[in-house]
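The values are calculated or read from the model by the stated rules, or taken from the named source; none is laboratory data. As the structure is a prediction and not an experimental result, all values here were calculated from the model. Every residue, glycine among them, receives a Cβ derived from its backbone with ideal geometry; neighbour counts consider all protein chains shown. Note: areas computed on protein heavy atoms with side chains; ligands, DNA, RNA excluded. Shrake-Rupley method; radii C 1.70, N 1.55, O 1.52, S 1.80 Å.
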Amino acid sequence: MLTYTLFPAIMLLFFGGLLAMWVTLYHKPDELLERIADRVGWTTLALFAVWLSILTYDQRQIPILTAGQISVFLGFLIWMDQLLVQRKMSQRMLVILPLVTVILLLLAGIAGGLHHKSAPDELHSAWSAVHIVLSMAGVAMLFGSGVYGAGSMLLRRELMSRKFGRLFSSLPSMDEMHKLRAFAIYFGWLLITISFASAVAFMFLENSGTPSFFSHLHEMFGLWGAASLLALSERFRWLGDQKQARLTVAMSTVIFLLITGSVLQIFFGGQS
Amino acid sequence: MKLEMIGLNHRTATLSLRERAAISPDTLPTLLERLVRHPNIEGAAILSTCNRAELYLSPTFHFEESELRALYAEVFELQPEDGDVAYVYRDANAVKHLFRVASGLDSQMLGEIQILVQVKNAYNTALELACTSGILNKLFTQAIFCGKQVRTRTAISQGAVSVAYAAIEIAQRLYNKLGEKNILLVGAGETTKLASKYLADAGACNWRVSNRTTAHAAELAEQIGGEITSFPPNSEDIAWADIVVSATSSPSAIVKMSECGAGLKGRKRPLLFLDLAVPRDIDSAFAERDDVYVYTVDDFQELVAANIKSRQKEAVRAEELVEKEVHIFSEWYRENRIAPSIQQLQVALETIRASEVEQQARHFRPEDREEIEKFSRSMMKKVTSMIIANMRRAAADGNDLTLARAVTVAFAGKDQHAIDEILEKLNHELSH
């Protein structure tokens, strides 16, 4: 029972505390508090991992059996990405957006329900676990690319307006954000592609070549198409740096909406 | 507290007086050694920088102010009347002053970092010459800690505060590694040289130099390891560059959109123009492009003003941290002044304990000796801790040293001279 009540409450408490710390840091830079916030961030991730492990043990499947669980799992992956990037560079301002997103995903997860009483049967298979984990990881990476794209746009606005405010000094350099954005796009695309391929393989192997039950094919195909377009545009530099940043923000939003549609389709779309 | 400081700085003394007061590193050891030979000085440290000449002393008894000024004039080889412009701080005020100095709060450029290194050097010099006392050691180590704290816990040292540095700060907001970027220098005058020096310090290494006089361009290119190009720069130079730094004395724009605009065709990466010239060298039409950033002297000045304002805002937080550290130092001092009494108490009680255990040991089996040692130590520790805690509390809360005096007398050993010395110090503390 604690897995569904106490742990979510603890996670919300930790993430709420982290958000308060980073908002304070935005107004009052303090290296000591930043180090503390960094450690609390890792502790929160560890607690998150413990919670999801207990949940996995409890239901004998990774947390993908309800829309709420998938939402929470995506939050975990986004936070893990965020901390891994933060190890490489200081990016005080770019912590707040992922933090707010993780909190919203946690709240959506709790509201959407974490109990797995009537989960579709195929979600209990190893195939679907692989497919969903890869999809979520890919979406988390593409979400990250959207954050860096937004960061580039914010920094450009500061540079152009000559405001030289707190944002100007606390955002990473344009170069760093560009590199991170490109890495997140390529890696996210790769994960989504493998996930898509694994799903197709699953569809044929489990149903003797009859792709009849694959309920969220359109959303998944749209998602892969959007990620591919983004990756191609980044790889072949179809656009200038700022236009690419805008495209990334737009596409990552579309991808986020598509994955939400996908998840809803699995659980509430009738045929599953 | 037995601390005194006397000094002058950029606010109280003219440049010529500061120049006369400056002490060379060669003469510093002799001066320090001479100071600690003074019968009333237990420890001394000298902080001598281009903006300040300060003397920190831990005297046995406080100096008269006139005496201190005369001593200062003598040490820094100034006229007696020069000593009159020096400021004097005592005890907690001296502590606060050094903490503010180490934190960059008393510097000409608020939050500068160099002063912390200078405070460290002043302390290390005095320490190596064995010219410091216990209180000076604590004062300087805590001042250095305070300086570090202020710089890590506030943004007082962040942001450029000169125009040339402001240009580099903007470049670093765009580009993380300047070593990977191509830099085109337009002009080869002092401003361009200074900017190229700062850029090189930040890692830049790929250069092209464009100047009206080719010989000057070649000279600068040789200095920085770059190559020369045509003047004015052409569209190929613009296509090559990531950063263009321009500072010529031309009355009109040198880098024109109509002549170099072709260099932007098909360009997908950002381009930064740092225009340090007045009138401007860079055609303002460049600023209309999406990934082109053009900055002029006015912008750099605006950034400098914003940074100074931000440092001033941070100074309020820095002052709070300094106050906190001064309080910690004062607490330490109030407790530490009874340290000799505590030490004497511990020695006396340990002597009694060891002697009693030795005498009673024959009544017990040899294998019980360890247990007896343990028991007696534990009991004595509890008794001692209780007395020390009460002594500390009285000394800290009510500034009451009577218990420390009573303990010193009650546990007096045979060395009457040592006891007298402790009592004299306690009396002196009470008189302040």
Check: Applying the selection to the range B:162-204, what residues are at the interface with chain A (Cβ under 9 Å from one of its Cβ atoms) and more than 25 Å from the chain's Cα centre (by Cα)?
Finding: B:170, B:172, B:173, B:174, B:175, B:176, B:177, B:180, B:181
Next item on the list: Consider residue B:42 carefully, then state whether it is modelled with pLDDT of 90 or more, of a type in the set (D, E, K, R) and not in a helix (DSSP H, G or I).
Entry: yes
Item checked: Where a residue in the range B:404-417 is outside the structural domain of residue B:388 (by TED's automatic domain parsing) and its partner, wherever it lies, is open to solvent by less than 50 Å² (accessible area, probe 1.4 Å), with Cβ under 9 Å and at least six apart -> none
Margin query: Among the residues that make up the range A:92-112, is at least one of them within 14 Å of chain B (Cβ to nearest Cβ) and modelled with pLDDT under 95?
Written below: yes
Item checked: Filtered residues of the range B:327-372 (kept if charged (D, E, K, R) and over 26 Å from residue B:408 (Cα atoms)) -> B:362, B:365, B:367, B:368, B:369, B:370, B:371
Next item on the list: Could you tell me whether any residue of the range B:358-368 is at pLDDT below 90 and outside any helix (DSSP H, G or I)?
Entry: yes
Checklist line | The listed residue being at pLDDT below 90 and either more than 10 Å from chain A (Cβ to nearest Cβ) or surrounded by 16 or more Cβ atoms within 10 Å (Cβ to Cβ) (or both), out of B:289, B:269, B:280 | finding: B:289
Check: Just wondering, is there one or more residues in the range A:249-269 that are assigned to a loop (DSSP other than H, G, I, E, B) and at pLDDT below 85?
Finding: yes
Margin query: Restricting to the range B:310-331, name every residue that is without any contact (Cβ under 8 Å) to a residue 24 or more places away in the chain and within 10 Å of another protein chain (Cβ to nearest Cβ).
Written below: B:313
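For the condition without any contact (Cβ under 8 Å) to a residue 40 or more places away in the chain, among the hydroxyl-bearing types (Ser, Thr, Tyr), open to solvent by less than 70 Å² (accessible area, probe 1.4 Å) and farther than 26 Å from residue B:128 by Cβ, what is the one hit in B:24, B:16? Break it down stepwise before answering.
Numbers: B:24 fails: farther than 26 Å from residue B:128 by Cβ.
That would be B:16, the only listed residue that is without any contact (Cβ under 8 Å) to a residue 40 or more places away in the chain, among the hydroxyl-bearing types (Ser, Thr, Tyr), open to solvent by less than 70 Å² (accessible area, probe 1.4 Å) and farther than 26 Å from residue B:128 by Cβ.
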Item checked: Hits in the range A:168-207 - residues which are away from chain B (no Cβ under 14 Å), farther than 24 Å from residue A:236 by Cβ and open to solvent by less than 30 Å² (accessible area, probe 1.4 Å) -> A:198, A:199, A:202, A:203
Next item on the list: Out of B:317, B:377, report the one residue that is among the basic types (Lys, Arg), open to solvent by 80 Å² or more (accessible area, probe 1.4 Å) and touching a helix residue (DSSP H, G or I) at 6+ places or on another chain (Cβ under 9 Å).
Entry: B:377
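Give me the residue from the range A:20-37 that is more than 13 Å from every other protein chain (Cβ to nearest Cβ) and crowded, with 17+ Cβ neighbours inside 10 Å and, out of that set, farthest from residue B:314 (Cα to Cα). Explain how you work it out, then say what you get.
From the range A:20-37, those more than 13 Å from every other protein chain (Cβ to nearest Cβ) are A:20-23, A:37; that's our starting set.
Those left that are additionally crowded, with 17+ Cβ neighbours inside 10 Å: A:21-22, A:37.
Values: A:21: 18, A:22: 18, A:37: 20 Å.
Filtering first and then ranking leaves A:37.
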Margin query: Among the listed residues B:230, B:258, B:235, B:249, identify the single one that is in contact with a Cys (Cβ under 6 Å, 6 or more places away or on another chain) and surrounded by fewer than 23 Cβ atoms within 10 Å (Cβ to Cβ).
Written below: B:235
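Would you check if residue B:194 is in the same structural domain as residue B:173 (by TED's automatic domain parsing), touching a strand residue (DSSP E or B) at 6+ places or on another chain (Cβ under 6 Å) and over 27 Å from residue B:268 (Cβ atoms)? Give the derivation first.
Numbers: in the same structural domain as residue B:173 (by TED's automatic domain parsing): yes; touching a strand residue (DSSP E or B) at 6+ places or on another chain (Cβ under 6 Å): no; over 27 Å from residue B:268 (Cβ atoms): yes.
No.
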Notebook entry, point to check: Taking the range B:52-68 on its own, how many of its residues are at pLDDT 90 or above and open to solvent by less than 40 Å² (accessible area, probe 1.4 Å)?
Noted result: 10
Next item on the list: Would you kindly identify the strands (runs of 3 or more DSSP E) lying entirely within the range B:191-249 that contain at least 1 residues that are of a type in the set (Lys, Arg)?
Entry: B:206-210
Checklist line | Members of the range B:382-413 found to be touching a Leu at 6+ places or on another chain (Cβ under 9 Å), at pLDDT 85 or above and either surrounded by fewer than 10 Cβ atoms within 10 Å (Cβ to Cβ) or of a type outside the set (A, V, I, L, M) (or both), listed by number | finding: B:384, B:390
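Please find, among B:300, B:375, the residue that is outside the structural domain of residue B:249 (by TED's automatic domain parsing), within 30 Å of residue B:241 (Cβ to Cβ) and not acidic (Asp, Glu). First the steps, then the outcome.
Details: B:375 fails: within 30 Å of residue B:241 (Cβ to Cβ).
After applying the criteria, what remains is B:300.
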Check: With respect to residue B:116, is the statement that it is in a helix (DSSP H, G or I), open to solvent by less than 10 Å² (accessible area, probe 1.4 Å) and either in contact with a helix residue (DSSP H, G or I) (Cβ under 7 Å, 6 or more places away or on another chain) or aliphatic (A, V, I, L, M) (or both) true?
Finding: no
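Yes or no, residue by residue, for (1) open to solvent by less than 20 Å² (accessible area, probe 1.4 Å); (2) farther than 16 Å from residue A:183 by Cα; (3) of a type in the set (A, V, I, L, M, F, W, C):
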| position | (1), (2), (3) |
| --- | --- |
| A:64 | yes, yes, yes |
| A:109 | yes, yes, no |
| A:139 | yes, no, yes |
| A:148 | yes, no, no |
Note to self: Can you pull out every residue in the range B:132-177 that is within 22 Å of residue A:27 (Cβ to Cβ) and of a type in the set (A, V, I, L, M, F, W, C)?
What the structure shows: B:150, B:155, B:156, B:160, B:161
Item checked: Selection status of residue A:219, more than 14 Å from chain B (Cβ to nearest Cβ) and either under 19 Å from the mean Cα position of the chain (by Cα) or modelled with pLDDT of 90 or more (or both) -> yes
Margin query: Can you pull out every residue in the range B:167-200 that is within 27 Å of residue A:163 (Cα to Cα) and free of Cβ contacts under 8 Å to residues at least 12 places away in the same chain?
Written below: B:173, B:176, B:197
Checklist line | Residue check, residue A:150 farther than 25 Å from residue A:61 by Cα and away from chain B (no Cβ under 14 Å) | finding: yes
Next item on the list: Taking only the range B:129-161 into account, find how many residues are part of a helix (DSSP H, G or I), within 14 Å of chain A (Cβ to nearest Cβ) and open to solvent by 20 Å² or more (accessible area, probe 1.4 Å).
Entry: 6
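Inside the range A:107-137, can you point out the residues that are within 12 Å of the chain's Cα centre (by Cα) and not polar (S, T, N, Q)? Working first, answer last.
Start the filter on the range A:107-137 by keeping residues that are within 12 Å of the chain's Cα centre (by Cα), which leaves A:133-137.
Within the range A:107-137, A:133, A:134, A:136, A:137 qualify.
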